[in-house]
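Worksheet: one structure, shown below.
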C-alpha cells in the first residue's frame with residue numbers, strides 16, 4: 001500500500017500542477033525593479049504577482065495569500081518555493097490541536113451540508129480507527145434518507161464495525177442515544193455518528209443537531225469529543241463560506257476535507273487553517289475504503305510545492 005505521503009501527494013497532483021503552470025516561466029523572468037533579494041537572485045514585483053496569482057488560483061484565498069506574500073517579502077533565506085512553503089507550514093500548524101482520546105467511548109459527530117461525502121467519510125473513518133486497533137460503532141442518525149442508512153450499512157460491513165440504526169423517520173437524537181448507550185454496554189471505544197446533511201440556514205435542523213449533542217452528554221458527560229465538519233474541496237472558497245457559517249452552530253472542532261484528488265483547489269486547506277483556525281483532521285484522496293488519510297501538514301506542503309522555483 002502506498003504511504004500517506006504518496007497518497008496525499010497524488011491527491012494534490014492537480015493543485016500542484018496548476019501552481020506549476022501558473023508560475024512557469026514567470027518565476028524565471030527577471031525585472032529591472034527588484035522588490036526583495038535573497039539566495040542569489042532578485043525577487044521581482046513580477047515574481048510576487050505570479051506567486052499571488054498561483055496561490056489564488058489554487059484557492060488559498062485572499063487573506064492567507066496576502067499573509068504569505070508579506071511574509072515572503074520579509075524572508076530572504078532560500079529559494080522562493082522554500083519561503084512560501086515555510087509560511088504555509090506555519091499557517092497550517094497555527095491551529096488548535098486535535099482532541100486527545102480520553103473518556104470512553106470517544107464520541108465523534110460528523111456534520112456538514114448535503115453532497116460533501118459525509119456518510120462515505122463516516123465509513124472510511126471507522127476503517128481508520130479499526131486499523132489503529134480500536135473497537136468502533138457507527139450510528140445512522142440520518143433518518144430522513146433511507147438511502148443514507150443503507151449506504152452506511154454497506155460501509156460499516158466493509159469496515160467490519162457495529163452499526164446502530166432505526167426506521168426511517170425516527171428521532172435522530174433517540175437513535176444517537178441508543179447508539180452511545182450500546183457502545184458503552186458493549187465496551188466499544190469509538191462511536192461515529194452520521195448526522196443528516198443540513199444547511200446552516202435551516203434553524204430547525206440546526207436545533208436538531210443541538211438536541212443530539214445534549215442527548216449524547218446524558219450518556220457520556222464530556223461528549224461529543226469531536227464534531228467533524230465535512231468540507232468538499234472541489235467547491236473551494238464556497239465551501240469555506242459554508243464552513244464559516246456552519247461551524248458556529250455545530251460546535252465543530254475539526255475538518256474532514258473530502259475529494260482532494262478531484263480538484264485543483266487543494267489550497268483551500270490553507271484558507272481553512274488561516275481563516276477558520278480549525279485543524280484539518282483527515283483528507284479524502286479517493287473512493288476506496290482506505291482513501292481517507294490523516295492530514296499531515298509537512299506532507300501537504302511537500303506535495304503542494306513539489307517543484308523548486
Flag for residue 67 being touching a strand residue (DSSP E or B) at 6+ places or on another chain (Cβ under 7 Å), surrounded by fewer than 23 Cβ atoms within 10 Å (Cβ to Cβ) and not in a loop (DSSP other than H, G, I, E, B): no
Please note which strands (runs of 3 or more DSSP E) are completely contained in the stretch 88-185 and include at least 1 residues that are in contact (Cβ under 8 Å) with a residue 40 or more places away in the chain and touching a helix residue (DSSP H, G or I) at 6+ places or on another chain (Cβ under 6 Å). 106-111, 136-140
Those helices (runs of 4 or more DSSP H) completely within the stretch 193-300 that have 1 or more residues that are under 30 Å from residue 62 (Cα atoms), at pLDDT 90 or above and touching a helix residue (DSSP H, G or I) at 6+ places or on another chain (Cβ under 8 Å) are 268-271
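Can you work out which of the residues in the stretch 80-95 that are in contact with a strand residue (DSSP E or B) (Cβ under 9 Å, 6 or more places away or on another chain) and more than 21 Å from residue 233 (Cβ to Cβ) is modelled with the lowest pLDDT?
The qualifying residue modelled with the lowest pLDDT is 80.
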Any residue in the stretch 91-109 that is surrounded by 14 or more Cβ atoms within 10 Å (Cβ to Cβ) and farther than 30 Å from residue 195 by Cβ? no
Checking residue 2 against (1) within 18 Å of residue 83 (Cα to Cα); (2) modelled with pLDDT of 50 or more; (3) not in a helix (DSSP H, G or I), only one condition comes out false. Which one? (1)
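So, residue 68, is that one more than 17 Å from the chain's Cα centre (by Cα), within 21 Å of residue 266 (Cα to Cα) and at pLDDT 95 or above or not?
It is true that residue 68 is more than 17 Å from the chain's Cα centre (by Cα), within 21 Å of residue 266 (Cα to Cα) and at pLDDT 95 or above.
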If you check 115, 160, 169, 133, which single one turns out to be at positive phi, over 21 Å from the mean Cα position of the chain (by Cα) and either modelled with pLDDT under 95 or crowded, with 18+ Cβ neighbours inside 10 Å (or both)? 169
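The values are calculated or read from the model by the stated rules, or taken from the named source; none is laboratory data. Everything numeric in this text was worked out from a predicted model, so none of it was measured. When we count neighbours, we look across all protein chains shown, and the Cβ atoms used for this are built from the backbone with ideal geometry, even at glycine.
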